[in-house]
Amino acid sequence: MRTALRRIPLLLLLVSLASAAPLAQQAPGPSAAPAATVVPNYDLASRWASSKVGKMVFSTGVSPQWLEHSDRFWYEFETPAGKRWWLVDPAKRARVPLWDNAKMAAQLTMILRTPYDAQHLPISEIKFFDKDTVIRFGVDLPKDATVSSDSVLDMKMEVKTEEQLKQEREQQQEEQRDQQQREGAERAPETKKHWLQYDLATGKVVLLQNYEPEKEKARWASVSPDEQTIVFARGHNLYMMDAAQYAKALKEADDPALVETQLTTDGVDDYSYARELRTAEDRRRFRAGKKDERDKKIGPRIPAITVYWSQDSKKFAVMRNDSRKVGDLWVINALSNPRPTLETYKYGMPGEANQPQAEMAVVDIASRKLTMVKTAAFVDQQIGMATSPVTARRRAQEQTEPQWLASGSGKIYFNRTSRDLKRIDIVEADTATGESKPIIQERSNTYVEIQPLRLINDGKEMIHWSERDGWGHYYLYGADGTLKRQITSGEFVCTGIEGFDDKTRTLYFTAAGREAEQDPYYEHLYAVNVDTGSVKLLTPGVMTHNASMNDAATFFVSSASRVDLAPSAALFDAAGTKVMDLERADVSTLLEAGFKFPEPFTVKADDGITDLYGVMYKPFDFDPAKKYPVIAYVYPGPQTESVTKAFSPRQANVALAQLGFIVIEVGNRGGNPSRSKWYHNYGYGNLRDYGLADKKAAIEQLGRRHAFVDVNRVGIYGHSGGGFMSTAAMLVYPDFFKVAVSSAGNHENNIYNRWWSEKHHGVKEGESKDGKPTFTYDIDTNSEIARNLKGKLLLIHGDIDNNVHPANTLRLVDALIKANKRFDMLMIPGKRHGFADANDYVFWVRADYFARHLLGSAADSVDIVELNREKAIKK
């Protein structure tokens, strides 16, 4: 008999522990294999790989790019007929092509001496200039390509010296090598971007001679809103320079004549004003540094910790964490060249005494004075800055640096959260004195969550989100923290603010669960008057909607879809009246190829009362007379349930079903926060087991409902929290769940990060005999019940995962070994929490495992032919 996962290379460690005997000689146990072997349909599965689906369906929504000087917007939309660009004027109810594709292709072909046609335009990085009358864009060509000297606009840019060009090339090459090393990417052919300009009025395209786009912001620079001050770090301290010096630094980074101002001197390791240096190459550069005239290493310019600017550019704030006492954690990158490297990072674990200590400082640009903000209230608290929303105007101006919520520079708003997350204060602080006062307080016996604070009425009023009545709603406060009224109410959850009209005092917001007889996770856009509470639905229909509103809150674009309905997009005015249809995704090629929409379903939770919502994926050659194994793709939450709601054909579950499975996604109590606080917090205090009974109950109901669902052959898989949950299912219900593939699982939440574990499971704050605060954390782990394993388990982990450390899986492995259990394991070298370019490999490993143990057979060649035939073989 074939050994498990024979086709997988040496990376797969087959752990056969109680005996060296082959699997055929093992003692009998619960078997998931069918009476008759079923041949898995690898060919059908490979035809629905994400890369292939991406060649059948393209754009599935409209992302409006609102212009700076009007309510117009442009967008691009791609179908099997090619890509089109559109300009929309809502006020005129007009939509016109941004350009004629055929004419654009002809002009580009003549100018760039490279053939193009209307379906294959290589245009990128579109940006409007000159009050939205001209467009500049880029086209990449091979570096040795020549272009026409006709139709040229000389931008009269400064000609760089050969030495400057050489330095730039060397820096770019070094950055490319670093990126390729970090991501394992193959080196792309060398190209050069040529810049062109298109006149909207005349339709003429010209090549921009000697043009360089505005220099991309240096990686190390934080630029003020007025672009006159630049903040960065050297060593562990803050520095700044003015715009003139910054312009020089972009040309010659090490010009000795550059003038910089040092702002702090107290930065040290793990208590730094510099952004964390995560990669070994970053740290190498930092250590190399440079020497100033006093022969003292001050290091290269590097990014500062997040800089929050006042909107008037007169001050900025930084939040620094003192992590000097926090314990270290390590991963070893076995693929580093020329030798493996040790990566060390700070990582606070649940229940530990030593945690990062947060503080906030404000710097006055003119006086260079640093003022500490008085933030202290809770032991081991966290603090977060309240920032202004990034508007379409700011995006058009490429001003995406975080800015204070308050309009001036005299005060800031921030939130502080107790370590047990049961207490949150919204705080106002004076930036000149550092004095602060809480203006809104939230308290709960489970964890408290908030959304961004919003100021209205020129800062005289605030809109605050709270779950204090069991549902997420908006509340109107005065600037002094006086509650005026609850704006929204009812059994639904407000999920975000899209806009506000100061004149009509109308708040535009998204919410889930308000519409009766609908999936409660479908989001809609609503309008509510903050004084009367009168709510109006703006996006009707049994679909989930993704809305984007302009800054003036006069128009919005909504892209809507369901998992079983192709997406469409339309433009509406603020009253919800449709102005025009924009696009409908072209799924004709997809359907011609045999695609069938997945099927939504509703079942009851294990309590027999709570509705759970799910999605079922069937093989496209489905035969209702057959019985199919069922595989549950899981993620327990509490931040999401990973149940697909919008149209999404490019995903693993579509392809996995084609081998001959029924694949399902279904929620569980304690999952998605878009339902009641009760539902969301159901798993508080029981983070290992809380969702398992609901997954089991859902599958059992589907088995009773559908004769084709075989509840005697049940598989389960997931990643991260889903990896943790899928293994837990095998150990808590070992006679029901027969096969699991668990990747990057946080099986030992007592060594996962403190914030997530203590928040969702709970931590008890106390006091020692000497009066010092204590925090007690106790949680069930998968290792504690490893002895319960009966079915087939494959564990997968990246060996440099610095989110869910590999120790989470290795401690489970240790427990399985001690319990004399057979299992399978794959460690992926050089991969972090996401498997990056190894994801396709992992998909087929997972598919093989389920096919072998639920269908009775799997591909046996050493090559994963489904992957190999997708790429050209290089000799």
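Listed options for Rg/Rh (Cα atoms, Kirkwood Rh) are (i) 0.98; (ii) 1.01; (iii) 0.96. The value calculated from this structure is the one marked (iii).
Take every Cα pair under 8 Å in the chain that's 6+ residues apart, average their separations, divide by the length, and report that relative contact order as a whole percent.
Values: 1904 pairs, mean separation 106.4, N = 875.
This gives 12 percent for the chain.
Note on K596: aspartates and glutamates with a C-alpha under 20 Å away, same-chain residues under 8 apart excluded, are D43, D564, D586, D621, D623, E665. The stretch between R704 and K769, if pulled fully straight at 0.36 nm per residue, gains 17.6 nm over its current Cα-Cα span. What the Cβ-Cβ distance of N354 and E212 gives, at R0 = 35 Å and to the nearest 0.05, is a FRET efficiency of 0.10. Per-residue ellipticity at 222 nm from helix content only, as computed over the chain with -39500 (n - 2.57) for each DSSP H run of at least four residues, stands at -4500 deg cm²/dmol.
Surface composition of region 451-491: carbon and sulfur make up 46 percent of the accessible area, probe 1.4 Å. Over what distance in Å are the Cα centres of region 373-406 and region 628-642 separated? Region 373-406 and region 628-642 have Cα centres spaced 34 Å from each other.
Pairs exceeding 28 Å between alpha-carbon atoms, taken from K83/K193; K103/K192; K437/K769: K437/K769. The Cα center of region 455-473 and the Cα center of region 777-840 differ in position by 43 Å. Couplings 3J(HN,Hα) for region 90-103, derived from phi with the Karplus relation 6.51 cos²θ - 1.76 cosθ + 1.60 (θ = phi - 60°), are x, 4, 8, 6, 10, 9, 10, x, 4, 7, 7, 4, 5, 5 Hz, where x marks Gly and Pro.
Just the protein heavy atoms count here, and of the accessible area of region 602-755 at 1.4 Å, carbon and sulfur take up 50 percent.
The length gained by stretching the chain between D132 and K374 to full extension, at 0.36 nm per residue less their Cα-Cα distance, is 82.6 nm. Amide H contacts under 5 Å for G499: Y508, restricted to partners 5 or more places along the chain or on a different chain, H placed in the peptide plane at 1.01 Å from N.
Averaging over all projection directions, the Cα-based convex hull of region 609-716 occupies 7.1 nm² in the image plane. Would you mind getting me the FRET efficiency between D89 and K536? Use the beta-carbon distance for r and R0 = 30 Å, nearest 0.05. Efficiency computed from Cβ-Cβ geometry: 0.75. Once the Cα-Cα distance is subtracted from the 0.36 nm per residue extended length, the K204 to D312 segment shows a gain of 35.0 nm. Cross-link partners for K314 among the aspartates and glutamates, with Cα-Cα distance under 12 Å and sequence neighbours closer than 8 places in the same chain left out: D226, E227, D364.
List the aspartates and glutamates whose alpha-carbon lies under 16 Å from that of K831, not counting same-chain residues fewer than 8 positions away? Partners within reach: D178, E183, E186, E343, D799, D801, D840. Using a Debye calculation, one point per C-alpha and no hydration shell, please list log10 I(q)/I(0) for region 552-653 at q = 0.11, 0.25 Å⁻¹ in order. The Cα Debye sum returns log10 ratios of -0.52, -1.34. In the full protein context, the chain carries 45 Å² of accessible surface per residue, based on a 1.4 Å probe and ignoring ligands, DNA and RNA.
The values are calculated or read from the model by the stated rules, or taken from the named source; none is laboratory data. This is a predicted model, so every value here is computed, not measured. All Cβ positions, even for glycine, are placed from backbone atoms using ideal geometry, and neighbour counts span all protein chains on display. Only protein heavy atoms, including side chains, enter the accessible area calculation; ligands, DNA and RNA are left aside. Shrake-Rupley method; radii C 1.70, N 1.55, O 1.52, S 1.80 Å.
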